[in-house]
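A.B. asks: Following this message is one structure expressed as structure tokens.
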Amino acid sequence: MKQLLAFIRKEFYHVFRDKKTLLILFGLPVVQIILFGFALSSEVKNIGITILDNAHDNNTEQIVNRIKTSSYFILKDPVMNYRDIEERFKEGSIKCAVIFPNDFGGELSHFGKVQIQIIADGSDPNTATILVSYLTSIISNYQQQIKPAQQLSYQIIPQVKMLYNVEQNGSLNFIPGVIALIFMIVCTALTSVSIVREKELGTMEVLLVSPLKPIRVLIAKAIPYLVLSIINFVIILALSSYLLNVHIKGSLLLIFFESIIFIITCLSLGLLISNVTSSQQTAMLISMMGMMLPTILFTGFMFPIENMPWIFQAISHIIPSSYYYIIIKAVMLKGLGFSFIWKETLILTGMAVLLLIIALKNFKIRLS
Amino acid sequence: MPAVSLKNIFKTYNKGKVKAVNDVSFDVEQGELFGLIGPDGAGKTSIFRILTTVLLPDKGQATVGGLDTAKDYQAIRNKVGYMPGKFSLYQDLTVAENLSFFATIFKTTIEENYNLIKDIYEQIKPFSNRPAGKLSGGMKQKLALCCALIHKPEVLFLDEPTTGVDVISRKEFWEMLKRLKEQRISILVSTPYMDEASLCDRIALIQNGNIMSLDAPQNIIDNFPTQLYAAKSKDIYRLLKDLRSNPAVETCYAFGEFLHLTLKEDQDGINTLNKLAAQYLAEDFESKLIKPSIEDSFIRLMQEKEKSGAD
Amino acid sequence: MELINIMDNKAIICNNLTKKFGAFKAVDQITFDVNQGEIFGFLGANGAGKTTAMRMLCGLSYPSSGKATVAGYDVYRQQGKIKKCIGYMSQKFSLYENLTVLENIEFYGGVYGLSRSEIRTRGEEMVSKLGLTNEAKKLVGELPLGWKQKLAFSVAILHRPKIVFLDEPTGGVDPLTRRQFWDLIYEAAANGITVFVTTHYMDEAEYCNRISVMVDGRIEALDSPANLRKNFNTHSMDEVFYQLARRAQRTGD
């Protein structure tokens, strides 16, 4: 018994004297509660919506009002024709649209039923389904309200169209997220660990004391993972195409071009991490906690960004993977061209270049 | 121009709490085999790292081949060979792969300077295709030495190359170093093994970041300040305790088969010893005057330092 | 030094002790015994089988065949009893670096079942004898290597074991501290503790009453240093070892 107590006491000493353990013990649960309690929920709010109102009568105005005042939607400027709706979707400013037919009120009072069209951005099937159900319930509430005293109730029948995802493929939106994640793991984590391993084993010391220019060490470390990531990428695309029936709608060349920029960003991050750590364990920890976790949480492929408190939205804006996710979704799933993603591409390229420069400048030519 | 030169080098760690190198200055001449002798924590590795330009000193200046270690580091890195303390080759690459990798890094080929490493490499050649991690300690050291020599460096830095290696390989390693001297490569070696010190041209005895003595091994031995005696008896531990407690004895410590002791100044050498033997009824007592070894000198210097520190 | 030489009271007895890993014989039928209060040196090159043999004697691994008793207990069936009455210290690990000197003493004292007062008394004694009174509350990691090793040895014998096993305890330590370390060993032996020590410093072999030299898993020599030197016709243990090691076929793979 005494033995047991002595051992337990020792373990407590170890725990309280090791900063890393303390971080995991206390830091992690706190962060998780805050994140999952507050910030992250699959609830959908503040989604951009637009209306094509061909009727402009009392009924439609009332429905629009309800949409406007619901917390789920942010009503954007109304559109005049169908093509505008498409443009808005491509821009990404709306995730759904409602179209009222010409004689909405008339048809309703004469025939007792009328059709409206609901279009949702199917490239994010989960969100789209939720949006449709919100709209449907708003409409059926209105329906209930205006029911005349007779038996027959009005029927406003929504026709739902899932844009970009006619087959209603549920696995659609996680493919871009998975791709981003894989690049993060292979490029960031593995590159950083590989460099730090040389430091740990002592071979880095020998390499430094050689004619080999330090920059070449970094490039030599990064290139195998660059190549392997591209191979990985091809495999994922092939698998999602044949197995999951997720086809690439846009230009393959564009996808590759954008992916290489993102890979370079991840590699630079890996190089940067290796500059600041001296143990493989720490490198792996930082890569996982610092890179992968935000990628999963703040890119938008698991939890809608629109829903998060502003601070997490800010984080989302500085993570490279958010931009990559938007780009890949646009090109791969919506088949859009460069003109729609030039802004994100510019930002991503800027990040890649900046991180690369910092990583190269920061590379330690000496042991500290 | 000396091959290596250190002037008033200081290096501390842990915000000054650990004084690793404490005002060290010395030169290594061209073609010299120079030994840095001292235990773990004495500062040897820090000095090596400063000289090979991978560590900046807090204060002081160091040059290798006339080039400054802080400013001209790339030039120095092009022409030195370095074998750091831990085994620093790639464990999962074979012997041959390791060698050709380092040859390429140093912009040369195995063939170009093969005559330099020939003697050493012949010994590990039969294991060419074995991963370096599966070699014995002695073989690893030989491989590491080959990789450090492959580009015919001007100066060779070997940090504890024989630590953890079996006795025979250690002997062989030093034979190899002697042969390398003939190629006019300057060699700076560190070791905790005092017996290896006598194989160097000159040595520096280092402890706690300070150089206690620097000279040719023979000179250090000759400079031992007093007579050194060896004594033994059947119950050596009892003899040790007895002698230590005796006012005539200055220092007494175990040294393998014999005790080594020094007497206070006014004592009369062997006669005093015999008297002591009789006094303590030491069985099978034997004593003689002996020449000190490097280790005796090291111990003496440490004792003197402790005494002066306490005063 | 009084050595008790009765067969029953031997500290360690080994008879054809063997350890095989597959077809590979790490330890090949070693036979020897160690007397109580003896300082027994266990020498051999890396890979000769020293560590494997020691692990069997410490109750850390089962022999493949052969017999052995440690402090009278059988190494097959009474490993628990063996562990209670031996101490162990190695070069690679001895004390916890991020615990203080006192905390380490308390921990090991607790593990070996010493009472609070015993731990306190013996701990204070140890600390003052080693001159560490001012450092008692410092983390062990902050002590110089030599002090760490001396402290580690003292902690290993805190519970007054019958036998203490030391695995290369003085590697890398300066010569003065090494000798202070051996002073401690001498004292322990004089107090009746049997010391089983492996080392590759040949002069330390001389401090032992008897030594054995392992080559390729077998014991190739077993005698007092003086006799060995006589038999090999040389003045130094270095030479003895060198001649024996030359015969070795295995080289520490």
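A.B. asks: Just give me a number: lysine pairs in the stretch A:47-163, eight or more positions apart or cross-chain, with C-alpha atoms less than 16 Å apart.
C.D. replies: Lysine pair count for the stretch A:47-163: 7.
A.B. asks: Still on this structure: Are any of the pairs B:Lys291/C:Lys50; A:Lys2/C:Lys81; B:Lys59/B:Lys181 more than 25 Å apart by Cα-Cα distance, and if so, which?
C.D. replies: Over 25 Å Cα-Cα: B:Lys291/C:Lys50; B:Lys59/B:Lys181.
A.B. asks: If I model a spin label as a point 7 Å beyond the Cα along the Cα-Cβ vector, how far apart are those points for C:Lys92 and A:Ile223 in nm?
C.D. replies: Using points 7 Å along Cα→Cβ, the separation is 3.8 nm.
A.B. asks: Could you give the length gained on full extension between A:Ser251 and A:Arg83, defined as 0.36 nm per residue of separation minus the Cα-Cα distance, in nm?
C.D. replies: Between A:Ser251 and A:Arg83, full extension yields 58.3 nm more.
A.B. asks: Another one. Please list the three semi-axes, largest first and in whole Å, of the ellipsoid equivalent to the stretch A:174-362, using sqrt of 5 times the eigenvalues of its alpha carbon gyration tensor. Before the final figure, lay out the partial values.
C.D. replies: Numbers: eigenvalues 180, 66, 46 Å².
They are 30, 18, 15 Å, listed from largest to smallest.
A.B. asks: Mean Kyte-Doolittle of at least 0.0 and a Cα length of 24 Å or more along the axis: which whole DSSP H helices of chain A meet both?
C.D. replies: Those that pass (Cα extent of 24 Å or more, hydropathy at least 0.0) are A:125-145, A:214-242, A:252-276, A:342-362.
A.B. asks: Also, quick follow-up: Can you work out the FRET efficiency for the pair A:Leu244 and A:Val353, with r the C-beta to C-beta distance and R0 = 45 Å, to the nearest 0.05?
C.D. replies: Between A:Leu244 and A:Val353 the formula returns 0.85.
A.B. asks: Please list the equivalent ellipsoid semi-axes of the stretch B:100-188, computed as the square roots of five times the alpha-carbon gyration tensor eigenvalues, in descending order and whole angstrom.
C.D. replies: Working from the Cα gyration tensor, I get semi-axes of 19, 17, 11 Å.
A.B. asks: Mean residue ellipticity at 222 nm from the helices of chain A, using -39,500 (n - 2.57) per DSSP H segment of n ≥ 4 over the full residue count, to the nearest 500 deg cm²/dmol?
C.D. replies: Values: 17 runs with 209 residues, N = 368.
That calculation yields -17500 deg cm²/dmol at 222 nm.
A.B. asks: When N counts the residues of the stretch A:47-163, how does its alpha-carbon radius of gyration compare numerically with 2.2 N^0.38 Å, as a ratio?
C.D. replies: In units of the globular-protein estimate, the stretch A:47-163 measures up at 1.03.
A.B. asks: Roughly what would the spin-label model give for A:Gln115 and C:Ser61, points 7 Å off Cα along C-beta, in nm?
C.D. replies: My value for the distance between the label points is 8.0 nm.
A.B. asks: Can you list, bin by bin at 5 Å, the percent of alpha carbon pairs in the stretch C:94-159, starting at 0?
C.D. replies: 3, 20, 35, 27, 12, 2
A.B. asks: Wrap a convex hull around the Cα atoms of chain C, take a quarter of its surface area, and give that in square nanometres.
C.D. replies: Its average projected convex-hull area is 13.9 nm².
A.B. asks: How big is the C-alpha Rg of the protein assembly as shown next to the rule-of-thumb value 2.2 N^0.38 Å, as a ratio?
C.D. replies: Taking N as the residue count of the protein assembly as shown, the ratio is 1.29.
A.B. asks: With a 10 Å Cβ neighbour count serving as the proxy for reagent exposure, in which order, fewest first, do C:Thr194, A:Thr282 appear?
C.D. replies: Lowest to highest Cβ neighbour count: A:Thr282, C:Thr194.
A.B. asks: Calculate the FRET efficiency for B:Glu306 and A:Arg197 from the Cβ-Cβ distance with a Förster distance of 45 Å, rounded to the nearest 0.05.
C.D. replies: Calculated value: 0.60.
A.B. asks: Follow-up. Between A:Ile230 and B:Lys15, what is the label-point separation in nm under the 7 Å Cα-to-beta-carbon projection?
C.D. replies: 4.9 nm
A.B. asks: OK, next. Over chain A, one equal point on each Cα, no solvent: what is log10 I(q)/I(0) by the Debye formula at q = 0.07, 0.08 Å⁻¹?
C.D. replies: The Cα Debye sum returns log10 ratios of -0.44, -0.54.
A.B. asks: Could you name the lysines whose alpha carbon sits less than 17 Å from that of A:Lys364, not counting residues in the same chain fewer than 8 places away?
C.D. replies: Candidates past the 8-residue exclusion: A:Lys199, A:Lys213, A:Lys221, B:Lys71.
A.B. asks: Over what distance in Å are the Cα centres of the stretch C:102-175 and the stretch A:61-103 separated?
C.D. replies: Each part reduced to its Cα centre gives a spacing of 78 Å.
A.B. asks: Using a Förster radius of 56 Å, what is the FRET efficiency between C:Ala226 and A:Lys20 based on their Cβ-Cβ separation? Nearest 0.05, please.
C.D. replies: Approximately 0.55, to the nearest 0.05.
A.B. asks: Which of the aspartates and glutamates could a cross-linker span from C:Lys83 if the Cα-Cα distance has to be under 17 Å and same-chain partners fewer than 8 positions apart are dropped?
C.D. replies: C:Asp74, C:Asp167
A.B. asks: As a footprinting exposure proxy, order B:Met83, A:Met284, B:Met212 by other Cβ within 10 Å, with the fewest listed first.
C.D. replies: With the fewest neighbours first, B:Met83, A:Met284, B:Met212 line up as A:Met284, B:Met212, B:Met83.
A.B. asks: What translational D, rounded to a whole number of µm²/s, comes out for chain B from Stokes-Einstein when the hydrodynamic radius is the Kirkwood one over Cα pairs, at 20 °C and 1.002 mPa s?
C.D. replies: For these conditions, the coefficient is 100 µm²/s.
Since every read-out is calculated from the coordinates, none of them should be taken as a lab result. Keep in mind it's a predicted model, so treat the numbers as computed, not measured. Counting neighbours? That spans all protein chains shown, and the Cβs are built from the backbone with ideal geometry, glycine included.
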